[in-house]
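The values are calculated or read from the model by the stated rules, or taken from the named source; none is laboratory data. None of these values were measured; they are calculated from a predicted model. Methodologically, a virtual Cβ is constructed for each residue, glycine included, from the backbone with ideal geometry; neighbour enumeration extends over all protein chains shown. Please note that ligands, DNA and RNA were not included when accessible areas were found on the heavy atoms of the full protein model with its side chains. Shrake-Rupley method; radii C 1.70, N 1.55, O 1.52, S 1.80 Å.
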Amino acid sequence: QVQLVQSGGGLVQPGGSLRLSCAASRSIFSINPMGWYRQAPGKERELVAAMISGTTNYAASVKGRFTISRDNAKNTVYLQMNSLKPEDTAVYYCHARTGAQNYWGQGTQVTVDS
């Protein structure tokens, strides 16, 4: 079992930055993959960024603006979001999978608005 607790997020102006954090209840050293999804109102949940077997993958819409990273010593995964756009507004979810079991964070609202 893994519990994921998210922090960060909030309201930011277009062009601004935010960092999301996802703290796991146990070591993430062997958890693969780990990543971030988001869901905007009226839309399906979509993958934003993920770390899989030592590689990172990004949605085309965030590539070059968002960076996913992990600190194994702190059991935490981060999503640094720069140059935010109104279309990045969504609830962001941390995700981890161990074997066939998926785990989700509680969700964090990110709103990009002037």
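Here are a few things to note about the model shown:
- Taken as a whole, the condition of being among the small types (Gly, Ala, Ser) and open to solvent by less than 60 Å² (accessible area, probe 1.4 Å) applies to GLY15.
- The C-beta contact set for segment 45-69 (first residue modelled with pLDDT of 95 or more and surrounded by 15 or more Cβ atoms within 10 Å (Cβ to Cβ), second residue not aliphatic (A, V, I, L, M) and not in a strand (DSSP E or B), distance under 8 angstrom, 6+ apart or interchain) comprises ALA50/PRO33; VAL62/ASP88; ARG65/ASN82; ARG65/SER83; PHE66/ASN82; THR67/ASN82.
- Residue ID - most open to solvent (accessible area, probe 1.4 Å), chosen from residues in segment 82-114 that are charged (D, E, K, R) and more than 26 Å from SER53 (Cβ to Cβ): GLU87
- So ALA100, is it at negative phi, without any contact (Cβ under 8 Å) to a residue 60 or more places away in the chain and out of contact with any His (no Cβ under 8 Å at 6 or more places or on another chain): yes
- Matching residues in segment 18-41 - criterion: being surrounded by fewer than 18 Cβ atoms within 10 Å (Cβ to Cβ) and either modelled with pLDDT under 95 or under 11 Å from TYR93 (Cα atoms) (or both): SER25, ARG26, SER27, PHE29, SER30, ASN32, PRO33, GLN39, PRO41
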